[in-house]
Amino acid sequence: MAVKEMPIFTRTFDFLTWLLPISNNFPRAYRHTATKRLLDAAFDLREHLESTNHRLGQERLAFIKLADEDLDNVRLYIRLAARCEWLTEGGQ
């Protein structure tokens, strides 16, 4: 019997596949600041979720907290990108 992947893993992977091409359209002036921080936070979120899946007990809780912090950062950077209208089709 095949093990079904948890939705959080599918959704974060889908989010990354959406985010990567979209972030290429962000203004060049922000590629090494806001864009990099957004992508780093998104990848850190996914990696901490993967690490959480391999841990138990208090160690698992510590990785869940790291993933939660990453998610807060992703939300912040996505809100910033939306406010600056970088998430429109084709970018600027």
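Output the number of residues of segment 14-35 satisfying the condition of being part of a helix (DSSP H, G or I) and surrounded by fewer than 13 Cβ atoms within 10 Å (Cβ to Cβ). Spell out the reasoning first.
Taking segment 14-35 and keeping what is part of a helix (DSSP H, G or I), we get 14-23, 28-35.
Checking which are surrounded by fewer than 13 Cβ atoms within 10 Å (Cβ to Cβ) leaves us with 14, 17-18, 20-21, 28-29, 32-33.
Summing the residues that are part of a helix (DSSP H, G or I) and surrounded by fewer than 13 Cβ atoms within 10 Å (Cβ to Cβ) in segment 14-35 gives 9.
Scoring T12 on the criteria (1) modelled with pLDDT of 95 or more; (2) among the polar types (S, T, N, Q); (3) more than 15 Å from the chain's Cα centre (by Cα) leaves a single failure, condition (3).
Among all residues of segment 36-55, there is at least one that is at pLDDT 95 or above and of a type in the set (F, W, Y).
From the list A62, A67, A42, A81, exactly one residue is crowded, with 17+ Cβ neighbours inside 10 Å, more than 11 Å from the chain's Cα centre (by Cα), in a helix (DSSP H, G or I) and aliphatic (A, V, I, L, M). Which is it?
Details: A62 fails: crowded, with 17+ Cβ neighbours inside 10 Å; A67 fails: more than 11 Å from the chain's Cα centre (by Cα); A42 fails: more than 11 Å from the chain's Cα centre (by Cα).
Matching residue, one of A62, A67, A42, A81: A81.
The values are calculated or read from the model by the stated rules, or taken from the named source; none is laboratory data. None of these values were measured; they are calculated from a predicted model. No Cβ is skipped: glycine too gets one built from the backbone with ideal geometry, and neighbour counts run over all protein chains shown.
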